[in-house]
Amino acid sequence: MMKPAKLLSGFAGIAAGLLVAFLIFGMGGTSDTADADQQNKSNAEKVYVPPGEHDDYYMMASGGHSGQLFVYGLPSMRLIRQVPVFSPDPATGYGFEDESKEMLNGYKWGDFHHPAISETDAEYDGRALFATDVGNNRAAYVDLETFETTDMLEIPNIAGPHCAAFVTPDSEYFFLPTRFSVPIGDEFVGLDEYSEKYKGVMTAVEPDFENEQLEIAFQVMLPPWSYDLSDAGKGTSGGWGFLSTYNTEEAVTNLEINASENDRDYIVMFNWEEIAKEVEDGNFEEVNGVKMFDPVKNPGSVYLVPAPKSPHGVDMTPDGEHFIANGKLSPTTSMYSVEQALEAIENEDFQGEAQGLPILNYDSVIDKEVEVGLGPLHTQFDDKGNAYTTLFIDSQITKWNLDSGKVIDKVDVAYSPGHLAAVEGDTKNPGGKWLVSLNKIAKDQYLSVGPSHPESMDLIDISGEQMEVVGNAPSQPEPHYSQIISADKIETTEVAAKDEDRENAVWSQEEAHIERDGDEVHVYGVALRSRFVFDAESDKPDVVNVKEGDTVHFHITNIDRDEDITHGFGINGYNENFEIQPGHTKTLTVEADKSGSFPIYCTNFCSALHQEMTGYLLVEPE
Ligand code: CUK
Ligand code: CUA
């Protein structure tokens with residue numbers, strides 16, 4: 001230790017001393033830069049997942065108007081998979097091969113806003129994810145063992161189920177209230193009768209986990225307002241659902257101005273357990289084959305709570321004792337007490353009614369108003385009694401305490417956050433480790449691919465007192481919402497079970513054959529590394545001969561039963577392609593309306609001889 005001191009003697013020592021002093025006092029920026037570098041390094045370590053290792057969480061992000069689901073790993077923010085839900089996908093052949101084509105039923109797009117993971121006892125259970133389509137009024141079941149869409153429901157009597165999906169604590173139902181109001185029934189009604197004849201409709205969908213299917217249980221007729229966001233009660237508020245409304249002005253045009261006149265809109269509180277009982281007792285009318293419940297004719301299950309101007313998100317606290325409404329045009333967020341609301345209902349403590357529904361007295365129900373900042377949209381929670389609210393206008397996240405209502409911290413995000421998602425954030429036990437800000441605008445964040453830039457997301461460490469932005473990544477359009485589930489709750493199927501009785505399946509090369517019935521041709525083929533076998537008897541087993549005008553059904557089984565050995569099936573010049581996962585059977589129906597020689601080839605690189613995995617479709621002219 002003495003050596004350096006010795007070196008600092010005499011003139012050299014003075015010069016070195018000056019240099020040190022200069023470095024410390026003269027160039028304050030250098031130590032700032034060093035601090036920032038150190039900070040970046042330690043942040044990078046927090047989110048670094050080494051090659052071959054896995055993330056701790058799955059983030060299931062909705063793809064908005066792409067109609068798809070995007071699966072990211074956290075904390076790395078790596079995009080792991082795009083799962084087609086409401087729109088066709090040429091890579092997997094979703095919407096091309098028969099089964100998914102039938103499910104999509106001709107729809108070209110969907111608008112997927114809010115994913116909901118199934119729950120058991122108010123915790124994500126990792127069985128399924130429910131998706132809703134604002135664009136074309138559908139709901140879908142995504143199986144989380146295979147990450148495939150297994151069922152699609154087209155829902156009548158509704159327009160734009162934006163205020164969805166929220167799942168009840170034991171996945172009895174998930175609810176789809178609508179953004180738009182439309183006339184009930186098939187009769188045409190003009191906008192001059194909007195207030196009387198148009199209705200917002202909420203649909204209760206019942207999942208069937210065994211068959212991975214969905215069914216409409218009932219619908220509830222609501223006033224002609226816009227329903228924006230929702231959440232399910234749990235604990236004290238179990239059995240209840242909460243929706244935010246705007247346009248209670250009932251404007252039919254120029255909503256930007258006309259739907260922002262009232263100082264207050266409402267949170268709709270409804271007792272779904274009670275409504276389900278009423279429906280069971282026959283208190284409904286059938287509309288287009290669905291049981292429609294009218295809460296005005298059957299009072300006692302739907303109530304209104306005044307909320308700050310044009311509320312957007314409504315979120316239940318993890319203990320189910322409070323609900324929080326964010327008024328997007330107000331600088332405050334309102335926190336209500338469930339206990340007080342139930343008491344007000346009990347005592348008929350009403351301040352009036354709207355469209356035949358009682359309005360609870362605001363002062364009796366409000367717990368506190370919190371000054372969070374400008375443009376509050378959505379709120380999430382941690383495991384320490386704190387809430388996190390996005391501020392769209394301020395481009396910030398506010399952390400505030402649920403008990404005290406005090407703002408603890410604010411952090412900048414890039415830019416204009418809509419939703420935010422905390423790990424296990426909608427459950428009764430939020431994880432408290434990470435929060436992702438889902439930003440609407442990326443501007444200068446990445447290499448420009450202008451004029452259209454991606455959306456962006458910030459990863460925020462919320463384990464400490466202060467929030468810390470530790471990562472940022474572009475995201476796929478458009479991340480309205482996501483839910484983040486602990487990776488150990490997801491158990492995937494790697495290879496489909498060999499089912500000897502499966503319709504249209506052929507389990508060996510020797511059994512591959514072609515059947516003809518008039519102009520219907522059925523090819524029972526197999527795909528394996530690295531060939532197609534369509535007809536074992538033929539000296540050219542990978543060639544299919546048909547006549548112009550025939551309908552060809554390719555039933556192809558992937559008999560490679562190894563993890564991740566997927567084969568593709570593309571027909572050159574016929575505009576068809578699909579994938580077959582290991583152990584699966586898929587059917588593609590092709591109208592052979594064009595004569596000629598069309599190469600068939602495997603489109604998914606599967607082996608060293610993948611390029612050799614080919615065949616021909618020969619269509620003889622009429
Ligand atoms: S909405 Cu609030 S920011 Cu569709 Cu959930 Cu997008
Ligand atoms: Cu099979 Cu490439």
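The values are calculated or read from the model by the stated rules, or taken from the named source; none is laboratory data. A quick note: this is a predicted structure, and the numbers were derived from the prediction, not measured. Cβ coordinates were reconstructed from backbone atoms using ideal geometry, including for glycine residues, and neighbour counts include every protein chain displayed. Note: areas computed on protein heavy atoms with side chains; ligands, DNA, RNA excluded. Shrake-Rupley method; radii C 1.70, N 1.55, O 1.52, S 1.80 Å.
List pairs: first residue in the stretch 543-568 and small (Gly, Ala, Ser), second residue within 16 Å of ligand 2 (Cβ to nearest atom) and assigned to a loop (DSSP other than H, G, I, E, B) anywhere in the structure, Cβ distance under 6 angstrom, at least six positions apart or on different chains.
Going by the 6 Å Cβ cut-off, the qualifying pairs are GLY568/CYS602; GLY568/THR603; GLY568/ASN604.
With the structure loaded, tell me whether GLU196 is assigned to a strand (DSSP E or B) and without any contact (Cβ under 8 Å) to a residue 60 or more places away in the chain or whether it fails that test. So that I can check it myself, show each step before the final result.
Values: assigned to a strand (DSSP E or B): no; without any contact (Cβ under 8 Å) to a residue 60 or more places away in the chain: yes.
For GLU196, the condition - assigned to a strand (DSSP E or B) and without any contact (Cβ under 8 Å) to a residue 60 or more places away in the chain - is not met.
State whether one or more residues within the stretch 599-615 are more than 16 Å from ligand 2 (Cβ to nearest atom), crowded, with 21+ Cβ neighbours inside 10 Å and assigned to a strand (DSSP E or B). Lay out the reasoning, then the answer.
First, the residues of the stretch 599-615 that are more than 16 Å from ligand 2 (Cβ to nearest atom): none.
No - not one qualifying residue is present in the stretch 599-615.
Does the stretch 138-146 contain at least one residue that is modelled with pLDDT of 95 or more and within 17 Å of SER230 (Cβ to Cβ)? Give the steps one after another, and end with the answer.
Here is the first cut: in the stretch 138-146, the ones modelled with pLDDT of 95 or more are 138-146.
Then drop every residue that is not within 17 Å of SER230 (Cβ to Cβ), which leaves 139.
Within the stretch 138-146 (the criterion being modelled with pLDDT of 95 or more and within 17 Å of SER230 (Cβ to Cβ)), the answer is yes, since at least one residue qualifies.
Examine the stretch 183-190 for a residue that is modelled with pLDDT of 95 or more and buried (at least 22 other Cβ atoms within 10 Å of the Cβ), and state whether such a residue exists.
Looking through the stretch 183-190, none of the residues is modelled with pLDDT of 95 or more and buried (at least 22 other Cβ atoms within 10 Å of the Cβ).
If you scan the stretch 374-432, which residues turn out to be part of a loop (DSSP other than H, G, I, E, B) and closer than 22 Å to HIS162 by Cβ?
Initial filter on the stretch 374-432 (part of a loop (DSSP other than H, G, I, E, B)): 374-375, 382-385, 392-395, 402-406, 413-416, 424-432.
GLY375, PHE392, ILE393, SER416, GLY425, ASP426, listed by residue number.
Filter the stretch 484-536 down to the residues that are within 16 Å of ligand 2 (Cβ to nearest atom) and of a type in the set (Val, Ile, Thr) and list them by number. It would help to see each step written out before you state the result.
Quick first cut of the stretch 484-536, residues within 16 Å of ligand 2 (Cβ to nearest atom) only: 495, 509, 512, 525-534.
Once the filter is applied, which keeps residues that are within 16 Å of ligand 2 (Cβ to nearest atom) and of a type in the set (Val, Ile, Thr), the stretch 484-536 yields VAL495, VAL526, VAL533.
How many of the residues in the stretch 545-569 are near ligand 2 (Cβ under 10 Å from one of its atoms) and either in contact with a Phe, Trp or Tyr (Cβ under 6 Å, 6 or more places away or on another chain) or in a strand (DSSP E or B) (or both)?
As a first pass, look at the stretch 545-569 and keep what is near ligand 2 (Cβ under 10 Å from one of its atoms): 558, 560, 565-569.
Of the ones still in play, those that are also either in contact with a Phe, Trp or Tyr (Cβ under 6 Å, 6 or more places away or on another chain) or in a strand (DSSP E or B) (or both) are 558, 567-569.
The qualifying residues number 4.
Tell me the residue from ASP593, ASP550, ASP564, ASP542 that is surrounded by 18 or more Cβ atoms within 10 Å (Cβ to Cβ) and of a type in the set (Asp, Glu), please. I'd like the intermediate steps shown before the answer.
Details: ASP593 fails: surrounded by 18 or more Cβ atoms within 10 Å (Cβ to Cβ); ASP564 fails: surrounded by 18 or more Cβ atoms within 10 Å (Cβ to Cβ); ASP542 fails: surrounded by 18 or more Cβ atoms within 10 Å (Cβ to Cβ).
Unique residue meeting the criteria: ASP550.
Does ALA325 satisfy the condition of being in a strand (DSSP E or B), under 33 Å from the mean Cα position of the chain (by Cα) and surrounded by 22 or more Cβ atoms within 10 Å (Cβ to Cβ)?
So ALA325 passes the test.
Would you please list the contacts, defined by Cβ atoms under 8 Å and residues six or more apart or on different chains, that run from a residue in the stretch 82-103 that is under 22 Å from PRO477 (Cβ atoms) to a residue that is at pLDDT below 95?
GLN82/GLN476
To keep it simple, each residue is scored yes or no on (1) open to solvent by 20 Å² or more (accessible area, probe 1.4 Å); (2) at pLDDT 95 or above.
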{"position": "SER226", "(1), (2)": "no, yes"}
{"position": "LYS234", "(1), (2)": "no, yes"}
{"position": "LEU255", "(1), (2)": "yes, no"}
{"position": "ALA259", "(1), (2)": "no, no"}
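Quickly run through the stretch 132-158 and pick out the residues that are part of a loop (DSSP other than H, G, I, E, B) and either under 30 Å from VAL495 (Cβ atoms) or touching a residue at least 40 places away in the same chain (Cβ under 8 Å) (or both).
If we filter the stretch 132-158 for residues that are part of a loop (DSSP other than H, G, I, E, B), which is where we start, we get 134-137, 144-147, 155-158.
If the condition is that a residue be part of a loop (DSSP other than H, G, I, E, B) and either under 30 Å from VAL495 (Cβ atoms) or touching a residue at least 40 places away in the same chain (Cβ under 8 Å) (or both), then VAL134, GLY135, ASN136, LEU144, GLU145, THR146, PHE147, ILE155, PRO156, ASN157, ILE158 are the ones that fit.
How many residues does the stretch 572-616 hold that are of a type in the set (A, V, I, L, M, F, W, C), over 31 Å from the mean Cα position of the chain (by Cα) and under 29 Å from ASP501 (Cβ atoms)? Working first, answer last.
Initial filter on the stretch 572-616 (of a type in the set (A, V, I, L, M, F, W, C)): 578, 580, 588, 590, 592, 598, 600, 602, 605-606, 608-609, 613.
Pick out the ones that are also over 31 Å from the mean Cα position of the chain (by Cα) and you get 590, 592, 598, 600, 602, 608-609, 613.
Adding the requirement that they be under 29 Å from ASP501 (Cβ atoms) leaves 590, 600, 602, 613.
Qualifying residue count, the stretch 572-616: 4.
From the set of residues in the stretch 396-415 that are surrounded by fewer than 22 Cβ atoms within 10 Å (Cβ to Cβ) and under 22 Å from the mean Cα position of the chain (by Cα), which is nearest to TYR446 (Cα to Cα)?
Going through the qualifying residues, I end up with ALA414.
Only one of (1) of a type outside the set (Val, Ile, Thr); (2) farther than 21 Å from GLY405 by Cβ; (3) touching a Pro at 6+ places or on another chain (Cβ under 9 Å) is not met by ASP294, so which one is it?
Here ASP294 clears every test but (3).
Out of the residues in the stretch 88-125 that are open to solvent by 10 Å² or more (accessible area, probe 1.4 Å) and among the small types (Gly, Ala, Ser), which is nearest to ALA159 (Cα to Cα)?
The extreme case among them is GLY106.
Please count how many residues of the stretch 577-590 are open to solvent by 20 Å² or more (accessible area, probe 1.4 Å) and touching a Leu at 6+ places or on another chain (Cβ under 6 Å).
Count: 0.
If you go through the stretch 435-483, how many residues are assigned to a strand (DSSP E or B) and either open to solvent by 40 Å² or more (accessible area, probe 1.4 Å) or among the charged types (D, E, K, R) (or both)? Write out each step before concluding.
Narrowing the stretch 435-483 to residues assigned to a strand (DSSP E or B): 435-439, 455-461, 468-475, 482-483.
Among the residues that remain, those that are also either open to solvent by 40 Å² or more (accessible area, probe 1.4 Å) or among the charged types (D, E, K, R) (or both) are: 455, 458, 461, 468-469, 472, 474.
Residues flagged as assigned to a strand (DSSP E or B) and either open to solvent by 40 Å² or more (accessible area, probe 1.4 Å) or among the charged types (D, E, K, R) (or both) within the stretch 435-483 amount to 7.
Quick test for you: out of GLY135, GLY160, pick the one residue that is open to solvent by less than 10 Å² (accessible area, probe 1.4 Å) and within 16 Å of ligand 1 (Cβ to nearest atom).
Details: GLY135 fails: open to solvent by less than 10 Å² (accessible area, probe 1.4 Å).
GLY160 is the lone residue from the list that is open to solvent by less than 10 Å² (accessible area, probe 1.4 Å) and within 16 Å of ligand 1 (Cβ to nearest atom).
Looking at the stretch 407-422 only, could you name the residues that are among the hydroxyl-bearing types (Ser, Thr, Tyr) and more than 13 Å from ligand 1 (Cβ to nearest atom)? First the steps, then the outcome.
At the first step, the residues of the stretch 407-422 found to be among the hydroxyl-bearing types (Ser, Thr, Tyr) are 415-416.
Residue satisfying the conditions is TYR415 alone.
For the stretch 497-527, name all the residues that are open to solvent by less than 20 Å² (accessible area, probe 1.4 Å), more than 17 Å from VAL590 (Cβ to Cβ) and part of a strand (DSSP E or B).
Filtering the stretch 497-527 for residues open to solvent by less than 20 Å² (accessible area, probe 1.4 Å) gives 506, 512, 521, 523, 525-527.
If we keep only those that are more than 17 Å from VAL590 (Cβ to Cβ) too, we end up with 506, 512, 526.
Passing the criteria: only VAL526.
So which residues in the stretch 375-406 are within 12 Å of ligand 1 (Cβ to nearest atom) and of a type in the set (D, E, K, R)?
Passing the criteria: none in range.
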